[in-house]
Structures are given as structure tokens and as C-alpha cells.
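Taken together, the values in this text are just the output of simple stated rules run on the coordinates, not laboratory data. Not measured: the values here are computed from a predicted model. Neighbour counts are summed over all protein chains in view; Cβ atoms, including those assigned to glycine, are modelled from backbone coordinates with ideal geometry.
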Amino acid sequence: VSLVLVLLVVVILVFIVLLVLVPVFPVVLVLALLVLVLLISVDMERLQSLEDQLRCPVCLDVFTEPLLLQCGHSYCRCCVRSLTMDLLGQLQCPVCRCSVDGDSPPPNVSLARIIEALQEVSVSGGAQKELCPQHHNPLSLYCEDERSVICGLCGSIGAHRGHKITPVTSVYSRMKEDISCLMTEFQNQKRKLEDQICKMAYNKSRITNESDVLKWVVRKEFGELRRCLEVEEAGFMQQVETSAAILISSLQNQTDQLNLNLSRLQEAENTLQDLSNEGHLDFIVKYGSIAPRFREIQELQNKKERVFSSLNFKTDFNHNDIKLTVWKRLQRKVQPAPELLRLDPQTAHPMLELHGDTAVSCGALLRRLPDNPERFSYSYCVLANPGFSSGKHYWEVEVAKKPKWRLGLIKGTANRKAKLGKSPESGVWLIGLKDGVYEAFTSPRVVLPLSSPPRRLGLFLDYEGRVLTFYNSDSPDELGFIYSFRLEVQGKVYPLLDVCWHDRGHNKQPLVLPQPHREHLLPSLVFPQPLREDLLLQPKKHDDKFTASETQQA
């Protein structure tokens, strides 16, 4: 094969020279070149087939010093010597099993010359084949058992006899394929690691940005709280100062009056002192005229002393209740009262059963209801009224021990006639429970690691702030954060309740909108008790109306 390649290169060079020197016959020369290339390709295949025929049947390599046996088969000299002869000097041919004389088989000169010619035309500078250190034959085989390269004699009569033997070329191809597969796998793993590194870097940047935003929100919220406290403090201080100013003014007026009375008494005392120095007749005459006026001054002074003794400092509040009063006012400002929501029967899926206007479950039968545009036709959903287009709103939904549900918010323009698109891109913001796993329906979904399963969920919507936040509202004194969505919405949005399929009765529990008490002082702190399932109205099989006794009982 190497000789053919060399000849092909030589012929191409000759034809190029001829094209330059003899430009009159270029077409003929090109055609002759194409024919020669075709013949050479055919000869290459024949030479490859010829090389396969020039292999020793024992060592499976090209003959080395071939000997010709009497039966006509040829073997390498070392391979013939390795065969066992009987007492008469006869040996058995490994191919035809004929007994032949093994003492002095003649060399196969023709075969040796052919092999020598092929070896001489091999590519110059090529690497020489390594030889077996024991038999000095080319290492052309591979022992699968011991994973080593051997020669033909090692596999037939040597230490590797009886082992699983494979030609080196086949093993080489197989190992190349294995390496290629490993390279592909390593490249895939490398890409995965690079993707993970990119995701880690992205998450690191995202967390840094989110923490900065959260710090800003914390500073903003506490700044608002401080401003609220400052306003409350200023109000209390104003009350104290006003009350004190009124009392101080009153006290000043009373002091001025007392000073006036004091001067009058001093004047009366001086008059009486002068009177006491008069003679008997003058004293008696003057005393009768001034005594009534002195008694009037004394009685007026006694009245004013009684008025002054009842004056004390009071305000409209008790200083012991300042903390509680301020806390109540802040609580009303920070957290709005729960909304009074009602389920909208015009939006309920035909399989849903509404128990009044505050509870819903999935029934077993599909009811015949008008297919109005507001109604869900595919998903087991219902909306609650009123919708929201501004402001801050808080409402609660009781899920109890229901094994599968979804809650959240939906755009008023979202499609209700097809399968509900559970993602913010579809105008739906949901969290839900399925197979014991709580998820936020984003792209991709986010698993929510809740420490305990909530029985009641609180949803807080800040429309202007474009935020929807979910809370665990089991405790009446605090809310446990669950998840928060960033909203991109214009127009009206509605609370959404998805009860999911009843699952042959395993998911028949209802979703309930707890109604806030009317008579509470702190709407954000007082929550209704969980609704008992045994008090829910149960619909009739053939009539959607309830009896008077059932309504009264409910």
C-alpha cells in the first residue's frame, strides 16, 4: 500500500511535467491520469488482500523465513521448529493435519521474495514492529485475560495458550472507540461543570443584588417606622405641652389673684393697725364703718382657697398605656385588615361545589352550567371578589389538611378556557402543594422548604409596589414568610383558588375563605377560628339548592 502511494505521487509529478512541456495534449493526459488513479485504487485493495494472504497460520503475522512443507502449506521457520515431531521425525500440519517430514523442510523462496519486496517498498522511516522477547516474532496479538501484547507463538504454544486472544488491530480500534466515548463523556461532564460554575456565579451575583435590595427595603421600612414613631411622639408631646400650658396659665392667673388679695389684706392690716391706735370714741365710730368690708374680704379669700386646692395636672392618656397605644396604631398602619372576599360562582369550573360563598371543593359530577366567558372550562379553579387594581390588600385561605391545592393571583385578562398557564409569564402567580412538596410556580419551579405544613395561608398584595407575598398565618400573633413574587401587571387582578382534581375522594377537602370578625379592635391580629368540615353545606345529588334547616344549621 505504501508503494502504491509513492507511485501515485510520482505519476502525478510526471504528468504535471508533461502538461508543462507538452501543452498540445492536456486533455488526453488528464484522462490518462484519471484512469491511472482508478487502476491504482483497485491495486491498493488487491495489495491489502494479498497482505492478508501472506500471514502465517500459526503466529498470524507476515511470514518470517517461510518454509514449505510436503503438504503444500507454508510456515515461519520458528513456527515449524515449535511444532512437536514424533519418534520418526514426522510432524502434523496445523492446517490439513497431514503427517509430513519435519527434519529439513525446504524454504519457500518465492514467498520469501514476495514478502521481501513488499517490505522494501514500505514507507521509509516508518516505525519498526516490536518483537516478542521470547520468540522474536512481531507482537501482533493481544491477550484479553492478562491485558498484554503477545506474538502468535505466545498464544498458540506459549504462556498465553488457551487465553482469549484478539488481533492488535481489532483491539486498537476498540480502544480508540472507548477513548472516543470517554472523551465525549468527559466533554459532557466538563460542559455540565462549566454550566454549574456559571449558575453559581449567576446565583452569587443575584444573591448579592437581592441582598442589596433587601437592605434598602429594610432601611426604608425602618425609616418609615421611625417616622411613624416620631409622629406619635410629637403627638403625645403636643398633648402634654398643651395640657401643661393650660394648667400653667390657670395657675398664673390664680397666682396673680392671690397677689392681689395679699395686697388687699396687707392694706386691711395697716388700716386695722391704725384703728387700734385711735381713742375710744373714734375707734368705735370707725370700726362700725370698716368691719363689714373686712368680713367680705375674709369670706372671698376662703372661697378662692377652696377652688385652688382642687386644681391638679391631667392628660387625655395614661402614661402606662403609651406603649400599647402606639403599638396598636403602628399595627394598623403596617398590616391592613383581612379583606372580606366572596367566591364568584360565575367563574367556577362545572365540577366545583361551592358551599355558600366562602368554601369550595371538587365534586364527582360535571354540572350543566352556562359557558359564560368568565368561567374556567379546563382547570378546577374559581375566583374571589372583589378584584384589585390599586392599594395594599391582605386575605387568607384555609387549606387545612388538603393534600393538593394551588393558591395565588391571576390577571383579569388571563385565558380561562384552556389549561391554566401556571407561570408569571401567563399572568398567574401561584404556590401549591402536590405529593407532599410545596412549590412556587415560576420558570423553573422553586421548591419551598417549609418547616411545617401550614393550615392557613396569608396573601399580601402591594399593587403599587408590584409584590405578592405568601405567609404562614397559623399563628394569630405573627406571620411566617413563605415566598414573594415580583409582579408585572396592569389592570385588575383577582384572588385565585385551584382545588385540583378530587382524586377519587382523596382530595375532596375544601378550600375556605375565613371571614374576619366584625367586632375586633385590631383587624390585623384577630383571626377567625378554622371552619369545621362537618358544618360545611353538602349539596344534594339532584338539586343545587339547600333546605331551610340546612341553611339555618350552617
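Extension gain for S170-A234 works out to 13.6 nm (0.36 nm per residue, less the C-alpha to C-alpha distance). Taking +1 at the Cβ of each Lys and Arg and -1 at the Cβ of each Asp and Glu, which of I431, G421, L511 sits farthest along the dipole of the range 416-513 towards its positive end, judged by Cα position relative to the Cα centre? Result: G421, furthest along the dipole toward the positive end. Under 5 Å from the amide H of L352 lie the amide H atoms of G363, each residue being 5 or more positions distant or on a separate chain, with H modelled from the backbone and absent for Pro and chain starts.
The label point for I179 and the one for E241, both projected 7 Å from the Cα toward the Cβ, are 9.0 nm apart. Label-to-label distance for C96 and S443 is 8.0 nm, based on points extended 7 Å past Cα in the beta-carbon direction. Rounded to the nearest 0.05, what FRET efficiency is calculated for D282 and L251 with R0 set to 35 Å and r the Cβ-Cβ distance? Result of the calculation: an efficiency of 0.20. The HN-Hα couplings worked out from phi for the range 378-388 by the Karplus form 6.51 cos²θ - 1.76 cosθ + 1.60 (θ = phi - 60°) are 10, 8, 7, 10, 8, 9, 10, 9, x, x, 10 Hz, whole numbers, x standing for Gly and Pro.
Of the GluC sites (Glu not before Pro) found in the range 206-282, those that fall in a DSSP loop while having at most 13 other beta-carbon atoms within 10 Å are E278. Rounded to the nearest whole Hz, the Karplus-based 3J(HN,Hα) values (6.51 cos²θ - 1.76 cosθ + 1.60, θ = phi - 60°) of the range 174-187 follow the sequence 5, 5, 4, 5, 4, 5, 4, 5, 5, 4, 4, 5, 5, 5, with x at glycine and proline. In a simple Cβ point-charge model (Lys, Arg +1; Asp, Glu -1; nothing else charged), the range 336-512 has a dipole of about 640 debye relative to its Cα centre.
Computed from Cα atoms alone, the Kirkwood hydrodynamic radius reported for the range 180-273 is 21.4 Å. Packing order of peptides 375-385, 356-366, 249-259, highest average first: 375-385, 356-366, 249-259 (average count of other Cβ atoms within 10 Å over each peptide's residues). The convex hull around the C-alpha trace of the range 336-512, projected and averaged over every direction, spans 9.7 square nanometres.
Placing +1 on the Cβ of every Lys and Arg and -1 on the Cβ of every Asp and Glu, with no other charges, gives the range 180-273 a dipole of roughly 1100 debye about its Cα centre. Rg/Rh for the range 360-445: what does it come to with C-alpha atoms and Rh from Kirkwood? For the range 360-445, the value is 0.95.
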